[in-house]
Amino acid sequence: MSTAADRPPPHLPLLLALFVGSGAAALIYQIVWFQLLQLVIGSSAISLGILLGTFMGGMCIGSLGLARVISARHHPLRVYALLELGIAAFGILVLYLIPWIAGAYMLVGGRGADGIFFRSVLCAICLLPPTVLMGATLPAISRWVHSTPSGVAWLGYFYGGNTAGAVLGCLLAGFFLLRVYDMPTATWVAVALNIAVAAVGLALAAATRYVPTEKARPGAGIPTAGGHRAVYFATALSGMTALGAEVIWTRELSLLLGGTTYTFSIILAVFLIGIGLGSSVASLWSRSWVRPRLALGICQLLLVGGIAWSAFAISQSLPYWPVLPEIVSSPWVMFQLDLVRCVYAILPAACLWGASFPLALAAVASEQKDTARLVGGVYAANTLGAIIGALLFSILLLPLFGTHGSQRLMILLATLSAALVLAPMARSPRGLLALAAAGLLAVSLSRTIVPIPFEMIAFGRQTAVRLGTVTELYRGEGMNSSIGVSGATDRSGVRSFHVAGKIEASSAVSDMRLQLQLGNLPALLHPRPASVLVVGFGAGVTAGSFIPYPELSRLVVCEIEPLIPTIVSRFFATENQGVADDPRVEIVFDDARHFIRTTDEKFDVITSDPIHPWVKGAASLYTREYFEQVKARLKPGGIVTQWVPLYESSPAVIKSEIATFLEVFPNATVWGNPIGGIGYDVVLLGSADPVTIDIDAIDTRLTGASHARVLAALSAVGFASAHELLATFSGSARDLAPWLADAEINTDRNLRLQYLAGMSSAAKSGGTIYDSIRSYRRFPEELFIGEPSRKDALRSAVMADKAP
């Protein structure tokens, strides 16, 4: 016969629905806040680690602090509703506070220890208040149930419902709100969800009577073994491996699926789906389990197999699926395939991590406990472990041991978690033997984990069709990305530099032409390029193109991944003029936006090594606000160049990139780099002041003895004279105005480009786009000056039907 405590309180299914809404709002906020703060503090591994640590740290504080700050006498539904209203208020405040704080941060933010300190302070100011409230919601609502088997099961349902809402929020924000609208719109949708949840919570609080349970009868709770501390440690280890896996598997799967913002949304959604499913199923079963601690230990042992399966699927199965994204006409079809691949690889392990939370609750529950303290303690342990796992794996373990070594460590951590929970079994010979066998199995499974194929690092989405086509010269797992250097298997001798599943630079003539254009066009157009800033190191060719100029006195290169200048540059030392070792060069390991935002230095030339705009995070280097910051860092007469790839793109994407640049540099020009007359990519050239191109002066500089090395480098890629280089002129801002009339401007508030580009990353319309640009060209008589015969020859070359 059930007691009153065994009977569930009213309206629990409705509260479950409320938690779905609460979870959806939380994920929308998380995505928006991360985008906003990354624009200010940068996207390096350290910056993202601070962001994630602050976010989850607030959740941990909230889960622990609720029971200690809010008395159990208060109606839990009313407390929950007020927390939701507080989150909504802070959601609005953060949206408008971050841009205001960003101005102050520019005055104090910097590099080194001081920079890290100020980034941490900024994150704490913006994220701690709302995340503390988010962390308190589950402990608050838990007081509506008792710590009986039925009550603890409902706590697991709440956790699962919150996770299900997070899935909806992740997909809603990633595929609709931020793609179609912008960050303010997404924020207001989340605010509306919070307010709706709060309104229903307050109505329920007014309609229901709450009597706090001071002390329940002994023996009515769930039977547990002693040593709850071991369960908390195991829960922390579970959180550590879960976030470590998310870091590692996101790195690996984004290679294979393409590093677009949609890929990250799909991976996160599948991970959350697994956690929600696992939590819900474990909550359902936990009502009948007499020994939940044993079930938790078995779950952690199964997790060892789940991690091994995911490692096998990602490194030894998925790369060999016959998938070629380029033959798919619709990106939505590709997203479906990506979803299937993510489910296949990571769903089993995610389900087991989700099941661990309600099992841990059941293992430490007793009816004498305040359920808010019960939930807060387990949730805090899990969250604390997650913080450590995210920081430890992303900043330390990945660079030290690589993805396969880190996954081996994850298996050992999961085994340790199981051993802590199942330690009482060791008191019997049979139990000790079972634990020893489980340990041997874990060690055996860890040895099956192997590195991913080199072609995944090199070619990403094209892995299946590029297997065996190149020779691996180097691979490295950095804090921020996976990188590689390959050599061609034919006689061409071409070496390629790969970052995160794509070729970022190579020694092929077509790529060398582009990199030398990015450097030499502004260097030759500027009368004295003494100080230069290059965003991104790449193979070092763009930065190295400035080295032969006698006027150069200082060259700053911003690079986010330390492995690239220190190791990759050696493979291209001839092509990059040994730039990494030149005494005039300073390499700054930081996010470029953060550096430009916080430095007081100004430059004669600012350019960037090629960075693909469809890669998540790259759109921040193509926004109107970023170009305005770049313009502010130019000296009088300064010049800036920007790469725009026409391949893997669509007309809408190219129009957005060019139109955004032209809003800041209205006198900008476009310079082409076709391959065999077919459009491949272009260079945008802008200036702080109007520029006049003196053909005679440039020719005199190039043919002089002081610039002999410059001419030699240009001649090697087909630019044997000033005429041939300047003949790549393909249009100007004024001429392209009609073509750009319907362009969407990429701003910090919408980051439109990453959503447009992510939809077009498999497109093959570069030639058509280039022809469209050139159809608007005219020869700008006012731009070029020089001896009449030279100007006539250049005019003929520019206006020729065949692209140069």
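The values are calculated or read from the model by the stated rules, or taken from the named source; none is laboratory data. Not measured: the values here are computed from a predicted model. Backbone-built Cβ (ideal geometry, glycine too); neighbour counts: all protein chains shown. The accessibility values were calculated without ligands, DNA or RNA, using every heavy atom of the protein model including side chains. Shrake-Rupley method; radii C 1.70, N 1.55, O 1.52, S 1.80 Å.
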Segment 34-60 residues that are under 15 Å from A124 (Cβ atoms) and assigned to a helix (DSSP H, G or I), paired with ones that are small (G, A, S) and open to solvent by 10 Å² or more (accessible area, probe 1.4 Å) (beta carbon under 7 Å, 6 or more apart): G49/S394; I50/S120; T54/A124
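Taking D591 as the residue in question, decide whether it is touching a residue at least 24 places away in the same chain (Cβ under 8 Å), within 22 Å of D748 (Cα to Cα), open to solvent by less than 10 Å² (accessible area, probe 1.4 Å) and acidic (D, E). Please lay out each step first, then the result.
Values: touching a residue at least 24 places away in the same chain (Cβ under 8 Å): yes; within 22 Å of D748 (Cα to Cα): yes; open to solvent by less than 10 Å² (accessible area, probe 1.4 Å): no; acidic (D, E): yes.
No, not satisfied.
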Matching residues in segment 500-535 - criterion: being touching a residue at least 60 places away in the same chain (Cβ under 8 Å), surrounded by fewer than 24 Cβ atoms within 10 Å (Cβ to Cβ), in a strand (DSSP E or B) and in contact with a helix residue (DSSP H, G or I) (Cβ under 8 Å, 6 or more places away or on another chain): K502
Tally of residues being over 14 Å from F497 (Cβ atoms) and not in a loop (DSSP other than H, G, I, E, B) across segment 536-578: 5
Which listed residue, of R466, R408, is touching a residue at least 24 places away in the same chain (Cβ under 8 Å) and not small (G, A, S): R408
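Can you find, within segment 402-414, the residue that is farthest from W353 (Cα to Cα) among those that are among the hydrophobic types (A, V, I, L, M, F, W, C) and in contact with a Leu (Cβ under 7 Å, 6 or more places away or on another chain)? First the steps, then the outcome.
First, pick out the residues of segment 402-414 that are among the hydrophobic types (A, V, I, L, M, F, W, C): 409-414.
Retained after the next criterion (residues that are in contact with a Leu (Cβ under 7 Å, 6 or more places away or on another chain)): 409, 411, 413-414.
Working: L409: 16, I411: 13, L413: 13, A414: 10 Å.
Within segment 402-414, the match that is farthest from W353 (Cα to Cα) is L409.
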Any pair with Cβ under 9 angstrom, 6 or more apart, that starts in segment 240-255 at a residue that is charged (D, E, K, R) and ends at one that is not in a helix (DSSP H, G or I): R251/E477; R251/S481; R251/S482; R251/A500; E252/I452; E252/S482
Which numbered condition A762 fails, given (1) open to solvent by less than 20 Å² (accessible area, probe 1.4 Å); (2) touching a Lys or Arg at 6+ places or on another chain (Cβ under 8 Å); (3) not in a helix (DSSP H, G or I): (1)
Where V375 falls short, out of the listed (1) modelled with pLDDT under 90; (2) closer than 30 Å to A72 by Cα; (3) among the aliphatic types (A, V, I, L, M); (4) surrounded by fewer than 24 Cβ atoms within 10 Å (Cβ to Cβ): (4)
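Taking the options I327, I267, name whichever one is among the hydrophobic types (A, V, I, L, M, F, W, C) and under 30 Å from F19 (Cα atoms).
Details: I327 fails: under 30 Å from F19 (Cα atoms).
Unique residue meeting the criteria: I267.
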Pair list, Cβ < 9 Å and 6+ apart or interchain, from segment 603-629 residues that are without any contact (Cβ under 8 Å) to a residue 60 or more places away in the chain to residues that are crowded, with 24+ Cβ neighbours inside 10 Å: F627/V640; F627/Q642; F627/T660; F627/F661; F627/G686; Q629/R593
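Considering only residues of segment 625-655 that are polar (S, T, N, Q), buried (at least 23 other Cβ atoms within 10 Å of the Cβ) and not in a loop (DSSP other than H, G, I, E, B), which is nearest to the chain's Cα centre (by Cα)? Full working, then the answer.
So in segment 625-655, the residues polar (S, T, N, Q) come out as 629, 641-642, 649-650.
Subsequent filtering for residues that are buried (at least 23 other Cβ atoms within 10 Å of the Cβ) retains 641-642, 649.
Adding the requirement that they be not in a loop (DSSP other than H, G, I, E, B) leaves 641-642.
Working: T641: 25, Q642: 22 Å.
Ranking the qualifying residues of segment 625-655, first place goes to Q642.
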Every residue from segment 739-759 that is in contact with an Asp or Glu (Cβ under 6 Å, 6 or more places away or on another chain) and open to solvent by less than 10 Å² (accessible area, probe 1.4 Å): none
Count - residues of segment 594-610 that are crowded, with 21+ Cβ neighbours inside 10 Å and of a type in the set (D, E): 2
Residue match in segment 57-68 (condition: within 30 Å of P399 (Cβ to Cβ), open to solvent by less than 10 Å² (accessible area, probe 1.4 Å) and within 25 Å of the chain's Cα centre (by Cα)): yes
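Can you confirm whether segment 279-289 contains a residue that is of a type in the set (D, E, K, R), at pLDDT below 95 and not in a helix (DSSP H, G or I)? Let's see the steps before the verdict.
Restricting attention to segment 279-289, the residues satisfying the condition of being of a type in the set (D, E, K, R) are 287.
The next check asks that each one be at pLDDT below 95; those that pass are 287.
Imposing the further condition that a residue be not in a helix (DSSP H, G or I) reduces the set to 287.
Yes, the conditions are met somewhere in segment 279-289.
Which one of A140, A164, A136, A153 is among the aliphatic types (A, V, I, L, M), assigned to a helix (DSSP H, G or I), closer than 24 Å to L296 by Cα and at pLDDT 85 or above? Steps first, answer last, please.
Details: A140 fails: closer than 24 Å to L296 by Cα; A136 fails: closer than 24 Å to L296 by Cα; A153 fails: at pLDDT 85 or above.
Unique residue meeting the criteria: A164.
Considering only residues that are in a loop (DSSP other than H, G, I, E, B), surrounded by fewer than 16 Cβ atoms within 10 Å (Cβ to Cβ) and among the hydrophobic types (A, V, I, L, M, F, W, C), look in segment 780-804 and name the one that is modelled with the highest pLDDT.
The extreme case among them is L783.
Going by the structure shown, is Q577 more than 28 Å from L400 (Cβ to Cβ), at pLDDT 90 or above and surrounded by fewer than 20 Cβ atoms within 10 Å (Cβ to Cβ)?
Working: more than 28 Å from L400 (Cβ to Cβ): yes; at pLDDT 90 or above: yes; surrounded by fewer than 20 Cβ atoms within 10 Å (Cβ to Cβ): no.
In short, no.
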Some residue of segment 184-203 being hydrophobic (A, V, I, L, M, F, W, C), touching a residue at least 60 places away in the same chain (Cβ under 8 Å), assigned to a helix (DSSP H, G or I) and over 16 Å from G21 (Cα atoms): no
Enumeration of residues in segment 548-574 that are β-branched (V, I, T) and surrounded by fewer than 20 Cβ atoms within 10 Å (Cβ to Cβ): T566, I567, T574
Every pair of residues 6+ apart whose Cβ atoms lie under 7 Å, when the first sits in segment 306-322 and is free of Cβ contacts under 8 Å to residues at least 40 places away in the same chain while the second is of a type in the set (S, T, Y) and assigned to a helix (DSSP H, G or I): A313/Y344
Selection status of E477, among the charged types (D, E, K, R) and surrounded by 23 or more Cβ atoms within 10 Å (Cβ to Cβ): yes
Condition broken by F497, with the remaining ones in (1) more than 30 Å from D696 (Cα to Cα); (2) part of a loop (DSSP other than H, G, I, E, B) satisfied: (2)
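Could you list all residues from segment 489-498 that are without any contact (Cβ under 8 Å) to a residue 60 or more places away in the chain and open to solvent by 10 Å² or more (accessible area, probe 1.4 Å)?
So in segment 489-498, the residues without any contact (Cβ under 8 Å) to a residue 60 or more places away in the chain come out as 489-494, 496, 498.
Scanning segment 489-498 gives T489, D490, R491, S492, G493, V494, S496.
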The one condition in (1) among the acidic types (D, E); (2) touching a residue at least 24 places away in the same chain (Cβ under 8 Å); (3) open to solvent by 50 Å² or more (accessible area, probe 1.4 Å) that E84 fails to fulfil: (3)
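Could you tell me whether any residue of segment 642-650 is small (G, A, S) and at pLDDT below 95? Reasoning before the result, please.
Taking segment 642-650 and keeping what is small (G, A, S), we get 649-650.
Next cut, at pLDDT below 95 only: 649-650.
Yes, because at least one residue in segment 642-650 is small (G, A, S) and at pLDDT below 95.
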Residue list for segment 323-340, filter: over 15 Å from G174 (Cβ atoms) and either of a type in the set (D, E, K, R) or not in a helix (DSSP H, G or I) (or both): V323, L324, E326, V328, S329, S330
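Name the residues in segment 421-437 that are touching a helix residue (DSSP H, G or I) at 6+ places or on another chain (Cβ under 7 Å) and surrounded by fewer than 20 Cβ atoms within 10 Å (Cβ to Cβ), would you?
Here is the first cut: in segment 421-437, the residues touching a helix residue (DSSP H, G or I) at 6+ places or on another chain (Cβ under 7 Å) are 421-423, 425-426, 431-432, 434-435.
Selection gives A423, M425, A426, G431, L432, A434, L435.
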